[in-house]
Structure formats: structure tokens, C-alpha cells
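So the structure is just underneath, and the comments pick up after that.
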Amino acid sequence: MIEIKGVYKSYGSVAVLEGIDLQVKSGEVVCLIGPSGSGKSTLLRCINGLESYDQGDVLVNDERVERNTRTIHDIRSRVAMVFQRFNLFPHRTALENVMEGPIYVKKENPQAARRNAEALMEKVGLSHRMNAYPDELSGGQQQRVAIARALAMNPQAILFDEPTSALDPELVGEVLAVMRNLADEGMTMIVVTHEMAFARDVADKVCFLHSGKIVESGPAGEVLSTPAHPRTQDFLRRLLNHSGEVQA
Amino acid sequence: MILQNVLDFLPILLKGAVVTLQVTAGSFVLSSLIGLLFALMMVSKIRTIALFAISVVNIIRGLPIIVQLFYIYFVLPEFGIQLTAMQAGVIGLGIAYSAYQAENFRAGIQAIQQGQIEAAESLGMRGAMVMRRVVLPQAFRIALPPYGNTLVMMLKDSSLVSTITVAEMTRAGQLIASSTFENMTVYTLVALLYLAMSLPLSFALRRLEARFSTRRTS
Ligand SMILES: Nc1ncnc2c1ncn2[C@@H]1O[C@H](COP(=O)(O)OP(=O)(O)O)[C@@H](O)[C@H]1O
Ligand SMILES: [Mg+2]
């Protein structure tokens, strides 16, 4: 359902994406890993037109994604995004954050939108915090509200850009648990993450980015336990030394 | 003797105070509307619109308010635009202060984190809706302290419209003083009446800020 074909992008003279090819089928979970600055966020942002690209095609359901076109708003309402820094609307309660898209973008009936939002808050385990403002919630809670906000659009796919990187370690688990559930339910997801255990357990495919190229990709087990490319080996070794988390 | 004077002058000055409040309210609303329009133009992605608004705001800011008032009240009639003193005062003060309001709002709008705009866009919101639902509500909270400040300044500067014969409080005081020569009594009363309006206003604004500004902005 998401197809990326030969995508190039540069900022001025700095090449950021150098010929990316990636296909994500409906119901698939793809994890993007790679060192900081390798272009993971930029790639993700090209998929819903938050960023433009110079060459190639990004297709969502065979529709070309292009910033500043008339169809982009429609595509965005079908491809949700979850940000590293949550980006909840601080002037609205958790529940209002979740209802915002359905009511104002999809023009749903407010009562129906509220009922659906309440159900989603329950699903992410926050039915007791629906009327809290974002600044009254922990980072983990805020990110779960952000996931509920994404789900409220009833999206065909969700893009996650390092959803747990801004969280205190003890709050990472609650967010990953929600994401695991979504994957089990068959949600199409592209996840930029450094959580190797999550990638190994949940991803159908892992892609390793380096300097704007996907240098290695394949089933999670293969890429993470027997990486072929020296860059991948090097990256995983560093990560392992750091967290002691990756076990084959 | 003094008490008698006070009792004589007070009703006249209070009538002037009502006009002062009317001028302040009218020009505050007008300056907010024009200022918001300028602010939206200043942050426009279309460069000519932004440059136009920035130029106009700079020109307005570079002119003394009294000169703007004289121009509207004394010069516009020569172009066939006849305004009452009250209308000229409200419009003149409103335009003069729209430049400061524009700066207040622009600063508020530009303080909104890019992530907020991206979150709204990624829900599929279009530009105008992003402004209305996400940027402006937060910008108003951020702009509230300077906005309140501007209101207090306008209350005081409404005395400038006395120069084009609007019978607000300062002018009422001038008229009494020039016929009675009781300068001390009159201007002390005028000063106290201004304080009676501006201090409670400042206090109320402080309360409002405390409720809004620290929390619930990104
Ligand atoms: N707005 C921008 N202007 C210029 N360079 C940018 C911009 N955004 C990202 N970059 C550069 O693009 C490269 C890739 O960034 P990014 O996609 O954020 O990487 P990652 O998410 O993998 O850490 C980096 O070298 C970064 O400095
Ligand atoms: Mg990134």
C-alpha cells in the first residue's frame, strides 16, 4: 500500500536520501533503524508530505504523495503520524486531542466522535485521564494519547518517528505495548526505532539506513541476528554495547 | 471650598471618563482586528504580502499618534471624508495601535512550535484550519501579557484624542481648569480617576494571565 521508488532528497548540497526503494504491504510492520542523521525521519516525513523530495515516487495506494498539492490533505488524513516529542495540542484535553481530527477534518458527528475517542482512550489504557491536559500527563501517557489521536482518523497506516526516544526508560514499555497490540491487530506501521527487541519481535521487515541509503533489509531475525553489511554489524554492535538489549 | 469644587467637578469629569472608556474600548477592538490582520500577513509565506504588511506596520509605528489623529480629523475632510471627532479619535488611535498589536500577535504566532503545526497537518488539516484550531488559540495565550499591557497604554493614550476636541476626561479637565483656574484640584482629580481605571484593569489582567499564560502552551 506504500511504495517508495528511487527517492532522492537533498538540503542544498547535502544529500539526505540517495535512492530509497521500499514497499510496505497492507498489514505489514516495517522498522527503520540506522544511526542518527542517516535520513530516517526525512524518509518518514516524505511519506505524508511533511517534507518534499527531489526525485522518484512515493505512492500511497497508487496515489503520488506530493507536498503542496490538493490531494495531500486527503492522503495525510489516511496516513497518521506519531512524533518523537508527542506534539499534543497543549490547549486541549487528552480527549479533545483525540476528537480534533475526526470532528474538524473528517467532519464526523461530535457525539459519535466523542464515543469513538473514549473507546480509543480506553484502548490505550487512559480512560481515567481523558479530561487531563497534556502537561498533566507523563511522557508515556502523552505518547499513548498521540497514538489514540492517530487511530481516531481510522488510518490505513501509521508512521512512528522514534516514538519512545523522548521517554524515561521506565515509560518505554507502556508505549511499546500499545504498539505491539496495533501490530497484532494488523495495522500497517512504519516505525523508526532504536528498540531492537521490539523490532525483532514485531517487525515483518527491518531496513537499515546509512547515509541516505537502505544498505540492508530483510526479515527482522536475519537483519538483526546475522547482518550481512559491515555498517549494520557495526551499528548493532555499538547499540548492544550501549544497552545490552539485543540477543539473537 | 475644595470639597465643594470636587463635588462640582466630579460629575463633569465622570462624564468625560465614560467617553474615555468608549474611546479606549472602540480603538482597542479596532486595533486588535487590524493588528491580527497585519500579523497574519506578516507571517504569510507569500513574500510580497509579508513585506507589504511589515512596511505598513513600520510606517504607522514611525508616526506620532497626534500627527495621525490630526491627519484623519483635519486632512481627510479635504478629500471629502468627513468624520466626527469621536469617529476620527477611535479610528486614529485604532490604526496607530494596530502596529503594536500586530507585533504582539506576530510574536505569539511565531512562538508556536513547528511540531504543533506538523501534528495538525498530519491530521490532514489545511492551512486556515491549522491557524484557527491550533496556532491562534495558543498564540493568544502567549500574547496575553503584551496584549493586556497594550490595553492599559491605550486607556492612557486615549487622552490624546482631546487634541481633536473629543470630550473625554482630559479635555473635560482642561475645560474646567481654564474657566475656574482650579488647576490643582482639577488635575489631581483627573489623575486619580485615571488610576481608578488603570489599576483595577492591570490587576484584572494579571489575574487573567496567571490563569492562562504559564500552562497549556507548547
Ligand atoms: N530542515 C533541514 N535542513 C537542513 N538539513 C536537514 C534538515 N533536516 C534534516 N537535515 C539533515 O538531513 C540529514 C538526515 O536527517 P534526519 O532525516 O533527521 O535523520 P535521522 O532521523 O535518521 O536522524 C541530517 O544530516 C540532517 O542534518
Ligand atoms: Mg530522526
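The values are calculated or read from the model by the stated rules, or taken from the named source; none is laboratory data. These numbers were taken from a predicted model, which means no experiment stands behind them. Quick reminder, even Gly has a Cβ in these numbers, built from the backbone with ideal geometry, and neighbours come from all protein chains shown. Note: accessible area is taken over every heavy atom of the protein model, side chains too, but ligands, DNA and RNA are not part of it. Shrake-Rupley method; radii C 1.70, N 1.55, O 1.52, S 1.80 Å.
Within 16 Å of ligand 1 (Cβ to nearest atom) and within 14 Å of chain B (Cβ to nearest Cβ) - does that describe any residue in the range A:4-15?
no
Where in the range A:181-248 are there helices (runs of 4 or more DSSP H), lying wholly inside it, with at least 2 residues that are basic (Lys, Arg) and over 19 Å from the mean Cα position of the chain (by Cα)?
A:230-243
Could you tell me which residue of the range B:107-119 is nearest to residue A:46 (Cα to Cα), considering only residues that are surrounded by 15 or more Cβ atoms within 10 Å (Cβ to Cβ) and more than 8 Å from chain A (Cβ to nearest Cβ)?
Checked the range B:107-119; the qualifying residue nearest to residue A:46 (Cα to Cα) is B:117.
Results for (1) within 16 Å of the chain's Cα centre (by Cα); (2) within 12 Å of ligand 2 (Cβ to nearest atom); (3) open to solvent by 10 Å² or more (accessible area, probe 1.4 Å); (4) not hydrophobic (A, V, I, L, M, F, W, C), shown as yes or no for each residue.
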| position | (1), (2), (3), (4) |
| --- | --- |
| A:26 | yes, no, yes, yes |
| A:29 | yes, no, no, no |
| A:52 | no, no, yes, yes |
| A:62 | no, no, yes, yes |
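Answer with yes or no whether residue A:231 is out of contact with any strand residue (DSSP E or B) (no Cβ under 7 Å at 6 or more places or on another chain) and either open to solvent by 20 Å² or more (accessible area, probe 1.4 Å) or within 21 Å of residue A:48 (Cα to Cα) (or both).
Against the criterion (out of contact with any strand residue (DSSP E or B) (no Cβ under 7 Å at 6 or more places or on another chain) and either open to solvent by 20 Å² or more (accessible area, probe 1.4 Å) or within 21 Å of residue A:48 (Cα to Cα) (or both)), residue A:231 does not qualify.
Of the numbered conditions (1) part of a helix (DSSP H, G or I); (2) among the β-branched types (Val, Ile, Thr); (3) out of contact with any strand residue (DSSP E or B) (no Cβ under 9 Å at 6 or more places or on another chain), residue A:147 satisfies every one except a single condition; which is it?
(3)
Taking only the range A:155-188 into account, find how many residues are within 13 Å of another protein chain (Cβ to nearest Cβ) and away from ligand 1 (no atom under 16 Å from the Cβ).
Count: 4.
Residue A:22 - would you say it is within 16 Å of ligand 2 (Cβ to nearest atom) and either away from every other protein chain (no Cβ under 14 Å) or over 30 Å from residue A:240 (Cα atoms) (or both)?
So residue A:22 fails the test.
Are there any pairs, at least 6 apart or on different chains, whose C-beta atoms fall under 6 Å, with the first in the range A:71-83 and facing another protein chain (nearest Cβ under 7 Å) and the second surrounded by 24 or more Cβ atoms within 10 Å (Cβ to Cβ) and assigned to a strand (DSSP E or B), and if so, which?
From residues that are facing another protein chain (nearest Cβ under 7 Å), the pairs are A:81/A:159.
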